[in-house]
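Data block below; observations after.
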Amino acid sequence: MPDLSVELAGIPLRNPLLLASGIWGESGQSLIGAWDAGAGGVVTKSIGSRPRPGYPNPTVEEFDSWGMLNAMGLPNPGIAEYPREIRAAREHGVLVIGSIFGGSAEEFARLAREMATTGVIAIELNLSCPHAEGFGTEIGSDPKDVEEVIRAAVREVKVPVIAKITPNAADPAELAVAAERAGAKGISAINTVRGLAIDTTLARPVLAHGIGGLSGPAIKSVGLAAVWQIYRRVRIPIVGIGGISSGKDVLEYVMAGARAVEIGTAVAREGVRVFGRIAQELDRALSERGTDRLVSLVGAAHRGFEMPTADFLP
């Protein structure tokens with residue numbers, strides 16, 4: 001049987017399949033459910049300084065099998081309340097990565113310090129939510145801002161800091177370079193892609209907030225492209241995100257350069273049993289290739305690849 005274990009930022013994982021932030025992670029029991037279903041680790045909801053109710057409904061629009069648009073507004077109970085949920089998951093043996101969001105380097109640093117006391121194995125900084133004013137993409141699209149935030153958080157904690165970067169920027173790979181320079185131990189790429197749906201009967205946006213974030217199979221190529229470009233420019237491990245719903249999808253991300261992946265929309269649609277199914281599919285895919293260890297395929301698509309140049313006709 002192939003070995004699916006990987007190491008992420010110095011942390012051993014039994015497999016590369018992580019529960020994505022914002023999906024199924026509201027409580028300790030839901031984190032436990034994902035772990036028991038076969039996830040290699042879980043990422044919490046993004047937690048802020050204070051409780052947020054999020055945006056009013058409608059907050060989600062599904063598009064058949066190819067995607068989902070959401071604008072939740074980062075609802076969360078706040079950093080003072082959430083640690084008890086992490087504690088419940090940790091007591092069950094779950095490997096938990098804590099996700100945080102803030103509006104400034106100082107707020108990120110304070111939240112990172114508080115999150116680190118909960119016993120999480122790493123902290124993921126949400127620098128990429130596309131629909132929350134004052135947070136996410138608004139402070140994560142400029143490499144200088146990313147570097148400032150990462151550096152401030154890294155100074156406060158001993159656990160690895162992972163930067164979750166946005167695809168809604170001119171050069172996501174440059175954001176990853178800035179994060180590595182500031183001391184990040186990993187990159188999560190990508191968050192949702194900014195999108196909009198219109199109700200033609202009402203002549204207004206479908207979501208209450210208007211702009212939302214697109215996820216699911218529709219953005220897999222966007223996520224793969226970001227991982228591909230980032231792998232060529234940084235040395236720290238990459239967590240691939242976007243449209244992953246099969247073992248083949250995982251293998252594509254791994255070959256593009258990811259060491260682990262986060263799964264979100266597929267969990268929302270299929271439930272946590274998706275982790276067991278995808279792990280089995282990945283196992284079969286490796287067996288069919290005659291590959292003993294998944295890690296041997298990290299970045300495999302780059303080996304010997306040379307991008308052709310277009311010649312101009314005279």
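The values are calculated or read from the model by the stated rules, or taken from the named source; none is laboratory data. None of these values were measured; they are calculated from a predicted model. We place every Cβ from the backbone using ideal geometry, glycine too, and count neighbours over all the protein chains shown.
With touching a Lys or Arg at 6+ places or on another chain (Cβ under 8 Å), at pLDDT 95 or above, over 30 Å from V159 (Cα atoms) and not aromatic (F, W, Y) as the only criterion, which of E288, E180, E281 stands out?
Values: E288 fails: touching a Lys or Arg at 6+ places or on another chain (Cβ under 8 Å); E180 fails: over 30 Å from V159 (Cα atoms).
The match here is E281.
The condition (being modelled with pLDDT under 95, out of contact with any strand residue (DSSP E or B) (no Cβ under 6 Å at 6 or more places or on another chain) and surrounded by fewer than 24 Cβ atoms within 10 Å (Cβ to Cβ)) is satisfied by just one residue among G134, G140: G134. Only a single item in (1) part of a helix (DSSP H, G or I); (2) within 16 Å of G213 (Cα to Cα); (3) modelled with pLDDT of 95 or more is not met by P58, and it is number (1).
Cβ-Cβ contacts under 7 Å between residues 6 or more apart (or on different chains), taken from a first residue in region 285-314 that is closer than 19 Å to V254 by Cα and touching a residue at least 12 places away in the same chain (Cβ under 8 Å) to a second residue that is outside any helix (DSSP H, G or I) and among the acidic types (D, E), are listed as D292/D3; R293/D3; L294/D3.
Does G73 satisfy being in a loop (DSSP other than H, G, I, E, B) and more than 19 Å from E156 (Cβ to Cβ)? Talk me through it step by step, then tell me what you get.
On the way: in a loop (DSSP other than H, G, I, E, B): yes; more than 19 Å from E156 (Cβ to Cβ): yes.
It is true that G73 is in a loop (DSSP other than H, G, I, E, B) and more than 19 Å from E156 (Cβ to Cβ).
Between A169, A182, the distinction of being under 20 Å from G10 (Cα atoms), surrounded by fewer than 24 Cβ atoms within 10 Å (Cβ to Cβ) and among the small types (G, A, S) belongs to A182 only. Within region 71-86, residues that are without any contact (Cβ under 8 Å) to a residue 60 or more places away in the chain and more than 26 Å from H209 (Cβ to Cβ) sit with their Cβ atoms under 7 Å from residues that are among the β-branched types (V, I, T) and crowded, with 19+ Cβ neighbours inside 10 Å, at 6+ positions apart or across chains, in these pairs: P83/T118; I86/T44; I86/V96; I86/T118; I86/V120. Of all the residues in region 226-283, those that are of a type in the set (S, T, N, Q) and either under 23 Å from E174 (Cβ atoms) or surrounded by 21 or more Cβ atoms within 10 Å (Cβ to Cβ) (or both) number 3. Of all residues in region 146-176, exactly one satisfies the criterion of being over 19 Å from G102 (Cα atoms) and touching a Pro at 6+ places or on another chain (Cβ under 7 Å), namely E174.
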